[in-house]
Amino acid sequence: MAGGFATVKQVVSGDTFVLVGAPRGGPPPEKQLSLASIIAPRIAMKSLTKETQDEPFGWNAREFIRKKIIGKQVEFKVEYSQNDREYGWIKFEGNSISIDLLKQGLVKLKPNRSPGAHDYDELKAAEEEAQAAKRGLWTDDTAAANATMRQVTFPQNDPDFVKSFAAKHKGERLPAIVEYVRDGGAYRVIFTQDNIYIPLILTGIQADGWKRAAPPLGSDNKPIVENGGGGPPQQMPLEAEPFAAECKYFVEVRVLNRDVDVRVEGADEYGNLYGTIWHPKGGNISLVLLQQGFAKIQDYSARMAESLVHLREAQKEAQTKKMRKWKNYRSATTAGGSEYPAKVIDISSADSVTVIDLTTHQERRLYLASIKAPRPGGRGKEDEPWSLDAKEFARKKLVNKKVKVVVDYAREPIQSASGAAPPPASDAQGRMHYVSLIIEDPKAAGNFSEMLVAAGYARVMSHRADDDRAGNYDILVEKEKEAVEKKLGLHGDEKKAPKHRLNDLLGPQNSARARTFENSLVRLGKFDAVVEHVFNAGRYKLRVPSQNIAISFSLGGIKCPMTARPTVAGGKPKGDNEPFAEESIAFAREHVLQHDVTVCVDACDRGGNFIGSMWRNRSINMAVELLELGYAVTVGFSVQQSPYRDELLAAENKAKQAKLKMWSLPDMASNGIEDEKDREVDDTLTSVAVVHINSITSFYIQETHNPTLEAIIGQLSEMEMKPGDEYSAGGPPRKGEIVLGKFTDDQQWYRARVESRDTLTEEVTVLYIDYGNGEGLPLSRLCRCPPNLTTAAKPPQAKHCTLAGLLEPPDMEMDAAQYLSNSTASKLYHCKVERIDQSGKRHVILTEEEAHNHSGPPAASLNELLVRQGLARLDKKSNTKLFARLQKEEESARKSHVNVWRYGDVGEDEEEDYPSLNPNNPRAANAGGAKRK
């Protein structure tokens, strides 16, 4: 640009200007030009090496011409260069600005030594006019001349001055002029009222700038230094971030050398002043930069901003339009469903809670979005200040309350540097859900995170601009500001934080200390406590605020099912959970965990476990409730010592009669819960079909013309799956639970009982209780059984049986089962039930229906036919009514060497060791068998 038209970008002083051309695909070319033939007085400046103040009329000269031509188009021409500076003339609206300055007496004319000064005579005449009028520099009033010199303060290296200035003017809008633009977010301004020249950082935003490149690394992975290793690291060049140049130009043409207002908003420890620049016409420059995608929100300083909400809206506008920095922006990924109702059951810390999802009825650990509360101690660490107060605040606000969970974002858990286990996940994918909890109780409705922050029990976390955050993040910031101003909780004096010293009496190492509290707790009678943890439905960790102790507490007189315990800490559990263990624990967690309860201690055992009674809601005896629901059984020696023995026994009997939960299990005896014996019966089923065969000692029958089975089939065919009916890896069905399974062969739903579960493949083995067959199914082919189809509502329609008086033939079990299958295919049988053993298996005699109903001699039963074919042996200990006939058939098969007898006698040796129960057995008299009366 040797000449032509340009825009005045900056007025450096009364005689030096920065001109820019028209932009073409980026920032335009620019030129610094000094006016030829004139010289202006200097203005105050500070560099790394020196600091100078104004010369008389220096600032007046700069301001006179700045207000006249800044941002305007001018005509210029470069006349010569000298000492790397270019000199020439500038005209505005056809008039020479040099003449205008000379006429005002704000500059002086140099001697005519400049080459080609074509208008020197005009310039000389303008200066003489000012001299004659004694304007400006030509005044005789020395005091007036000195009054034009400002005393400028440069506080760049004085953090205390900057902080005091920020404190004095915080929230005020002060007039200023932008003197320098480093990048879109950093400036130097002069506050014209106090003549303070100070660096300014825009509050709440971060724009692209220039950063020094990292020095190259040597073979030792250390920066290469100058002077052969004896000097400092190499000074690397500055590198521009993607939109640095464009952003700087965008700002310069709007605010550089402009009169603006600066709202003072704060200062940091390093002496950086934070504020917002308000252009007289363009408004808040920070909003403009965000809207154009030149900047992003910087949370550290955003909290000082006048309106963070407006900043966030401006950034969202740029993100939506994918402007510049947000070209590849994608909206935050949440955890699937964004909202769902839940009930809070546990508080781990004030910002980490466990809820029951009311749509799926599963427990979830959730984390409050964008805030951090003090952590409780553990593993040798002390509680952080205010942690227990914050947890108590959360407990009283949330526990047992229905809330709306709003999922703000989800993240993968970050592994701890110490190797500790990551926090519990919130979903089956292992992600942590960061949420907002909306309390829906009319008496205390609202956003819990806002309540926690407003009370000073949590801090708002700083996020990077592209990080996910709470939807009400800006409100949280405002609440934190209020808490800081009031010096509440965490924002007050840490030394004044309440001290809570809890005497932990749990564990074998504390058993002796725990026993020393026995007498005092017994004397207290009923006292208040808080349930801190549920070990199982009958054992808890209680915190007793009045005594500042934590104890292990067991409900006296009852026993609850136990979960499998790991062989080592953190290891895989050995064995399976006892039936209904998980369900009973879930009941206890939902109804008493983190609740205030009433407790009465009766004794303390040798292990330091306190035993007694516990009431929830002041009146509901927890042990009685568990017994009534079938989640517990009484323990004889313990229940006799309980002052509530009669209530406990009555509750147990009620559940037993209704066969609830534990009392619905067929294997109560083998679990030691109920000691039943074999039952002699005399039942007859007139028409049955054999529907599934495992062996001749294990098969299933169904009664024909069965309206109950038809009703079950009809209800299953009309059933529709509802949300929450399915199972997941986080909440699989337990052993013994009645479920619905989709049978592989016909893809239809049938009732089934869970037999086992493979923890590696998550495959569940089920038995179809109405048909007797079973298979392995994935969780996706299982769902919860509706109440109207449970075994309590409709018993299993397939009856487990064995042929009375028979034993399987050694090495020919499959042949015997095949014979039974061929014999019973497409046939109906008359069934005589003689006995039901401890496992619930029926000992039956099967006779073909047509043959049984035919007049004449008694037809041979399937029991006899199998013995006759040598495909079964007589059980010498059996007391079946067919014993004599079976003995006769076996003798015949033995003589004929049929099947199992083909090589001679089998099974004689071991049978001598067991006495017979059959009076017709010739060995019964010697073996102690009783005769049938």
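The values are calculated or read from the model by the stated rules, or taken from the named source; none is laboratory data. Bear in mind the structure is a predicted one, so any value in this text is a computation, not a measurement. Cβ atoms come from the backbone with ideal geometry, glycine included; neighbour counts cover every protein chain shown. Each accessible area value is taken on the protein alone, full model and side chains, heavy atoms only, with ligands, DNA and RNA left out. Shrake-Rupley method; radii C 1.70, N 1.55, O 1.52, S 1.80 Å.
Observations on the model:
- Residues located in the range 547-561, provided they are out of contact with any helix residue (DSSP H, G or I) (no Cβ under 8 Å at 6 or more places or on another chain) and over 12 Å from ALA623 (Cβ atoms): ASN548, ILE549, ALA550
- Odd one out for TRP326, checked against (1) open to solvent by 30 Å² or more (accessible area, probe 1.4 Å); (2) at pLDDT below 90: (1)
- Test: residue in the range 620-638 that is open to solvent by 60 Å² or more (accessible area, probe 1.4 Å), more than 28 Å from PHE527 (Cβ to Cβ) and over 37 Å from the mean Cα position of the chain (by Cα): no
- Test: residue in the range 788-806 that is of a type in the set (A, V, I, L, M), over 30 Å from LYS661 (Cβ atoms) and open to solvent by 50 Å² or more (accessible area, probe 1.4 Å): no
- Looking across the range 155-171, the residues that are over 14 Å from GLY275 (Cβ atoms) and open to solvent by 80 Å² or more (accessible area, probe 1.4 Å) come down to ASN157, ASP160.
- Among (1) outside any helix (DSSP H, G or I); (2) open to solvent by less than 30 Å² (accessible area, probe 1.4 Å), the one test that ALA483 misses: (1)
- Residue within the range 376-393 that is assigned to a strand (DSSP E or B) and either open to solvent by 40 Å² or more (accessible area, probe 1.4 Å) or of a type outside the set (A, V, I, L, M, F, W, C) (or both) present: yes
- Out of ALA603, ALA655, ALA651, sole residue that is open to solvent by 30 Å² or more (accessible area, probe 1.4 Å), at negative phi, modelled with pLDDT of 90 or more and in the same structural domain as ASP528 (by the TED database): ALA603
- Looking only at residues in the range 258-277 that are modelled with pLDDT of 90 or more and surrounded by fewer than 18 Cβ atoms within 10 Å (Cβ to Cβ), the one that is nearest to the chain's Cα centre (by Cα) is ASP261.
- Comparison of GLN315, GLN319 shows that the only residue that is closer than 26 Å to GLY171 by Cα and either at pLDDT 85 or above or open to solvent by 70 Å² or more (accessible area, probe 1.4 Å) (or both) is GLN315.
- Qualifying residue in the range 484-498 (condition: within 29 Å of GLU590 (Cα to Cα) and in contact (Cβ under 8 Å) with a residue 60 or more places away in the chain): no
- Looking only at residues of the range 874-915 that are more than 19 Å from ALA816 (Cβ to Cβ) and open to solvent by less than 50 Å² (accessible area, probe 1.4 Å), we find that the one that is modelled with the highest pLDDT is PHE883.
- Count of residues meeting criterion [more than 21 Å from LYS391 (Cα to Cα) and of a type in the set (D, E, K, R)] in the range 418-477: 8
- Tally of residues being assigned to a loop (DSSP other than H, G, I, E, B), in contact (Cβ under 8 Å) with a residue 12 or more places away in the chain and either over 27 Å from HIS897 (Cα atoms) or not assigned by the TED database to the domain that holds LEU807 (or both) across the range 835-870: 5
- Only one of LEU740, LEU767, LEU716, LEU760 that is out of contact with any strand residue (DSSP E or B) (no Cβ under 7 Å at 6 or more places or on another chain) and either of a type outside the set (Gly, Ala, Ser) or closer than 15 Å to THR790 by Cβ (or both): LEU760
- Options ASP100, ASP15, ASP84, ASP119; residue that is charged (D, E, K, R), open to solvent by less than 20 Å² (accessible area, probe 1.4 Å) and assigned by the TED database to the domain that holds ALA130: ASP15
- The range 738-776 - residue that is touching an Asp or Glu at 6+ places or on another chain (Cβ under 8 Å) and in a loop (DSSP other than H, G, I, E, B) and, of those, least open to solvent (accessible area, probe 1.4 Å): PHE743
- Test: GLU129 is open to solvent by 20 Å² or more (accessible area, probe 1.4 Å), charged (D, E, K, R) and more than 45 Å from the chain's Cα centre (by Cα): yes
- Among the numbered conditions (1) part of a loop (DSSP other than H, G, I, E, B); (2) touching a residue at least 40 places away in the same chain (Cβ under 8 Å); (3) under 54 Å from the mean Cα position of the chain (by Cα), the only one that LYS827 does not meet is (3).
- Members of the range 237-257 found to be more than 19 Å from LEU290 (Cα to Cα) and either of a type in the set (D, E, K, R) or buried (at least 19 other Cβ atoms within 10 Å of the Cβ) (or both), listed by number: GLU239, ASN257
- Filter result for SER695 (under 30 Å from ASP875 (Cα atoms) and either open to solvent by less than 40 Å² (accessible area, probe 1.4 Å) or outside the structural domain of TYR819 (by the TED database) (or both)): yes
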